[in-house]
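Let me begin by presenting the structure, written as structure tokens, before commenting on it.
The values are calculated or read from the model by the stated rules, or taken from the named source; none is laboratory data. This structure is a prediction, so every number in the text was calculated from the model and none was measured. Ideal geometry is used to build each Cβ from the backbone, glycine not excepted, and the neighbour counts take in all protein chains shown. Keep in mind that these areas ignore ligands, DNA and RNA; they rest on the heavy atoms of the full protein, side chains included. Shrake-Rupley method; radii C 1.70, N 1.55, O 1.52, S 1.80 Å.
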Amino acid sequence: MRARYGVPLGITAAGAAGLLYSVGFEARSFRLRRVTVPVLPPGMRPLRVLQVSDIHMVSGQRKKQRWLRSLAGLRPDFVINTGDNLSDPEGVPEVLDALGPLMEFPGAYVFGSNDYYGPKPRNPARYLLEKAQGRHGLNGNPPVVGAIHNPWEDLRDGFDSAGWLNLTNVRGALKIDGLEIELTGLDDPHIKRDRYARVAGGPSDSADFSMGIAHAPYLRVLDAFTEDGYPLLLAGHTHGGQLCLPFYGAFVTNCDLDTDRVKGLSTHTAAGRTAYLHVSAGCGTNRYTPVRFACPPEATLLTLTGRE
């Protein structure tokens, strides 16, 4: 009896324990990542940038809301929200409430696909299949039919009324202690809403510092920003792989970015130029796959310092 059933039962027990850990603990184990990026012009004072991403708010997620509110205690110079705030059409008031203290600081945002459309149940194995076939989002897949539309206009109005810049395929600028910080943003490349031609041309000569921002770090977007000379790029979307293998890392990125750069700080090179790239693993999950393993939810405080 032991020889016949012991191993399968042990595997089942281990799998159940892993599932309980990934749902009950790690998916709610919020972390702050701290990164220093030597990217500013020499002599410019350091800037502290808080990046929040992929909140995927579901109504009733009180612990996540408390943690997001607590981030205001970091006192950043400005905040960048890289999209996918929603995973529930009823979640807009709770997103705005949770981000309320952060909206007291200068900030800017782009949207992701989950701000526009509600999630549907999806087999996680499809991400592996799409990776093998080179298809991600609407980039190579058929158009979405019968999608749930989220009230993204209410989210936009809330951010705008707080003074955050809407970077939907536009350029914007923040004034920070007399410095002009240029922010060039794109709508979500994952669903082909990016229109780089509208913002092309590279950093403005009048800006003290410029950076590029998009929700999903597709290579065409990273290439365009880098070729135009932006020294720093921020993105989210990947969830850091969400389900990772210890000592190995992520299996998928849900875009055409390689898994070595699925989260954290790295570089991107195109046309002989190199930019720093920071990809946030985000602090939420799709409501139908509320699990994380070896990839805790996060926000990032980036300290920008002078170039050597």
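Identify the residue in the stretch 71-109 that is assigned to a loop (DSSP other than H, G, I, E, B) and acidic (D, E) and, among all such residues, is nearest to E180 (Cα to Cα).
Here the residue is D77.
Conditions (1) closer than 12 Å to E182 by Cβ; (2) in contact (Cβ under 8 Å) with a residue 12 or more places away in the chain; (3) open to solvent by 10 Å² or more (accessible area, probe 1.4 Å); (4) not in a strand (DSSP E or B), marked per residue:
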{"residue": "A200", "(1), (2), (3), (4)": "no, yes, yes, yes"}
{"residue": "D205", "(1), (2), (3), (4)": "yes, no, yes, yes"}
{"residue": "G212", "(1), (2), (3), (4)": "yes, yes, no, no"}
{"residue": "R220", "(1), (2), (3), (4)": "no, yes, yes, yes"}
{"residue": "F225", "(1), (2), (3), (4)": "no, yes, no, yes"}
{"residue": "G229", "(1), (2), (3), (4)": "yes, yes, yes, yes"}
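Which of the residues belonging to the stretch 110-134 are under 21 Å from Y196 (Cα atoms) and assigned to a loop (DSSP other than H, G, I, E, B)?
Passing the criteria: V110, F111, G112.
How many residues are closer than 26 Å to R220 by Cα and either assigned to a strand (DSSP E or B) or open to solvent by less than 10 Å² (accessible area, probe 1.4 Å) (or both) if we restrict to the stretch 175-192?
Residues flagged as closer than 26 Å to R220 by Cα and either assigned to a strand (DSSP E or B) or open to solvent by less than 10 Å² (accessible area, probe 1.4 Å) (or both) within the stretch 175-192 amount to 9.
Check the stretch 71-80 and report whether any residue there is open to solvent by less than 40 Å² (accessible area, probe 1.4 Å), touching a Lys or Arg at 6+ places or on another chain (Cβ under 7 Å), at pLDDT 95 or above and at negative phi. Reasoning before the result, please.
The initial filter retains those residues of the stretch 71-80 that are open to solvent by less than 40 Å² (accessible area, probe 1.4 Å), namely 71-72, 74, 76-80.
In the following step, the residues that additionally are touching a Lys or Arg at 6+ places or on another chain (Cβ under 7 Å) were identified as 76-77.
Imposing the further condition that a residue be at pLDDT 95 or above reduces the set to 76-77.
After this cut, where a residue has to be at negative phi as well, the list is 76-77.
Looking for residues that are open to solvent by less than 40 Å² (accessible area, probe 1.4 Å), touching a Lys or Arg at 6+ places or on another chain (Cβ under 7 Å), at pLDDT 95 or above and at negative phi, one finds at least one in the stretch 71-80, hence yes.
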